[in-house]
Amino acid sequence: MEKIIDEKKQGESLVLDPQKETEETVRNGRDSRKLYIESYGCQMNFSDSEIVASILANAGFNTTQQLEEADLVLINTCSIREKAEQTVRKRLEKFNAVKKINPGMKVGVLGCMAERLKSKFLEEEKIVDMVVGPDAYKDLPNLVQEIDEGRNAVNVILSKEETYGDVAPVRLNSNGITAFVSITRGCDNMCTFCVVPFTRGRERSRDPQSILEEVNELWEKGYKEVTLLGQNVDSYLWYGGGLKKDFETASDIQKATAVNFAGLLAMVAEAQPGLRIRFSTSNPQDMTLDAIEVMSRYKNICKYIHLPVQSGSNRILKAMNRLHTREEYFELIDNIRKIIPDCAISHDMITGFPTETEEDHQDTLSLMDYVKYDFGFMFAYSERPGTLAARKMEDDVPEEAKKRRLTEIINLQQQHGLYRTQQHLGKTEEVLVEGTSKKSDAHWMGRNTQNTVVVFPKEHYNIGDFVNVKITDCTAATLIGEAVGYSE
Ligand code: SAM
């Protein structure tokens with residue numbers, strides 16, 4: 001399930017690239033302390049870990065991949081589904097076992113599990129020294145000092161303002177080619193299944209100037225692609241700071257000079273015409289025609305939209321508080337295809353939401369048949385404490401039905417994936433080389449504008465090259481081809 005939740009990257013220990021590490025070591029002296037940081041969940045969390053590493057680098061920490069030698073172990077947590085929380089718990093048990101050998105080691109929990117589980121972790125179970133919520137990372141140097149002095153430390157306050165626009169993230173486990181840039185934090189959508197508004201707070205947008213500065217800096221360092229990140233990027237709205245929901249109370253001048261997502265997208269695309277631009281995630285209720293038109297106008301904006309729908313049934317969409325119908329979603333898909341005929345579209349889908357019947361499930365399958373998505377990220381419903389669905393609805397779809405429906409939508413997605421990849425056969429497409437193929441050292445792996453993975457023989461090409469590749473074969477998720485030269 002690459003991109004939103006890349007299973008292979010879950011829990012990977014994150015480290016600075018060696019060059020940066022050397023700079024930090026020189027700056028902080030050879031005896032600087034060692035930070036081990038692991039991330040779980042969505043791309044936003046991985047991006048936040050880069051902000052955390054930057055803040056702690058300035059406080060004298062270097063990253064390490066060796067858990068046993070760490071002075072500080074941080075785990076950036078996800079609570080989107082129960083399984084994610086269980087994984088984190090297992091890791092905390094492991095950290096506590098290591099602590100027995102290295103008693104000086106301190107353990108901190110960051111991210112989405114912080115607010116709900118702070119007392120449990122710190123006071124009841126006593127398995128961590130520090131708990132820090134997603135808006136409190138700038139407080140980390142103070143909190144570390146607290147734990148150094150033998151006290152537990154906690155800050156889970158959610159902010160109306162914090163966007164970390166003034167923190168230059170360091171890049172962790174980077175290929176030096178693709179990077180993520182946060183543009184919004186929090187979410188106002190209140191989908192009834194989702195914990196995000198509770199764990200990450202209300203939605204706020206980052207100053208476009210600081211976004212442009214980060215993008216320009218990435219370009220200067222040799223990066224070739226950025227993904228603008230947010231829970232709901234299309235809802236981006238900068239009017240001088242503050243929560244999105246308070247826009248109505250903004251002054252006339254603030255309203256007149258406000259920047260929306262379409263405006264931001266155009267600014268970023270124009271600032272660096274040689275840089276590929278992607279964005280994620282789009283919510284159907286907020287995606288506007290002007291954003292799609294901006295995509296079609298700029299060659300460097302990739303032709304790919306991640307457009308989660310969650311269900312194909314109008315009844316379930318309503319129960320989920322998704323503020324659109326199946327018919328409105330189709331209209332949006334039709335408009336995207338009209339304006340950008342070769343645009344790839346992917347989805348998130350939840351099976352077994354409370355009260356979901358076989359008829360609702362059939363509606364989901366027929367919606368998928370209509371769209372024929374290029375990719376998909378599919379999940380069985382997991383009840384999350386505190387959400388409206390958990391408070392008001394019984395988790396009443398039997399586990400086997402959830403699993404069977406999930407298998408059916410995954411199988412259908414496989415068919416659609418293959419249908420989509422087959423449309424590329426015989427075409428020559430521009431691919432940005434990201435690294436060596438997982439299956440063969442003799443092949444590069446990169447992506448075309450639609451975000452489909454392309455593999456081809458390495459020849460004389462290098463990481464970071466834009467290469468024209470003739471597509472000769474495919475699987476449901478991968479295109480296979482041969483390079484025909486550099487692209488312009
Ligand atoms: N706001 C982003 C979005 O709409 O894609 C990210 C939300 S979440 C990180 C990614 C996906 O997890 C959601 O789109 C949804 O399909 C899934 N998800 C969220 N809550 C869930 C739950 N309670 N049970 C199962 N899947 C869930």
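What follows is calculated from the coordinates using simple rules that are stated; it is not laboratory data. Everything quoted here is computed from the prediction, not taken from an experiment. Every residue, glycine among them, receives a Cβ derived from its backbone with ideal geometry; neighbour counts consider all protein chains shown.
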How big is the charge dipole of the chain about its Cα centre, in debye rounded to the nearest 20, if each Lys and Arg gets +1 on its Cβ and each Asp and Glu gets -1 on its Cβ? 480 debye
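Suppose we take every Cα in the stretch 129-270 and form the convex hull; what volume per residue is that in Å³?
Working: hull volume 20.0 nm³, N = 142.
Considering the Cα atoms of the stretch 129-270, their hull volume per residue is 141 Å³.
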Taking the Cα-to-Cβ direction at T436 and at E93 and moving 7 Å from each Cα, how far apart do the two end points lie in nm? 3.5 nm
Within 10 Å, count the other beta carbons around each residue, average over each peptide in 284-295, 194-205, and list them highest first. 194-205, 284-295
Between R202 and Q66, what is the label-to-label distance in nm when each label sits 7 Å out along the Cα-to-Cβ direction? 4.8 nm
If you wrap a convex hull around the Cα atoms of the stretch 340-432, how much volume per residue is inside, in Å³? 132 Å³
Taking every alpha carbon pair in the chain, what does the distance histogram look like in 20 angstrom bins from 0, in percent? 22, 57, 21, 0
Projected onto the charge dipole of the chain (+1 at Lys/Arg Cβ, -1 at Asp/Glu Cβ, origin at the Cα centre), which of L228, Q254, F456 gives the Cα projection farthest towards the positive end? F456
So if I place +1 on the C-beta of Lys and Arg and -1 on the C-beta of Asp and Glu, and nothing else carries charge, what would the dipole magnitude of the stretch 395-488 be about its Cα centre? I want it in debye, nearest 20. 200 debye
Among N45, L74, S282, whose Cα sits farthest toward the positive end of the charge dipole of the chain (+1 at Cβ of Lys/Arg, -1 at Cβ of Asp/Glu, about the Cα centre)? L74
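What does the highest-first list of 463-474, 328-339 look like by mean Cβ count within 10 Å? List each step's numbers first, then the result.
Working: 463-474: 18.2, 328-339: 16.0.
Top of the packing list down: 463-474, 328-339.
Can you give the FRET efficiency for R391 and E124, using 1/(1 + (r/R0)^6), R0 = 25 Å, r = Cβ-Cβ distance, to the nearest 0.05?
For R0 = 25 Å, the calculated efficiency reads 0.60.
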For the chain, what is the mean residue ellipticity at 222 nm derived from helices alone (per DSSP H run of n ≥ 4: -39500 (n - 2.57); sum divided by total residues; nearest 500 deg cm²/dmol)? -10500 deg cm²/dmol
Cysteines in the chain that, by Cβ-Cβ distance, have no pairing candidate under 4.7 Å: C42, C78, C112, C187, C302, C343, C474
Spacing of the two label points (7 Å from each Cα toward its C-beta) at E161 and E482, in nm: 6.1 nm
Taking I75, I101 and counting other beta carbon atoms within 10 angstrom, the fewest-first order is I101, I75
Restricting to Cα pairs below 8 Å that are 6+ residues apart, what does the relative contact order work out to for the stretch 61-107? Please round to a whole percent. 47 percent
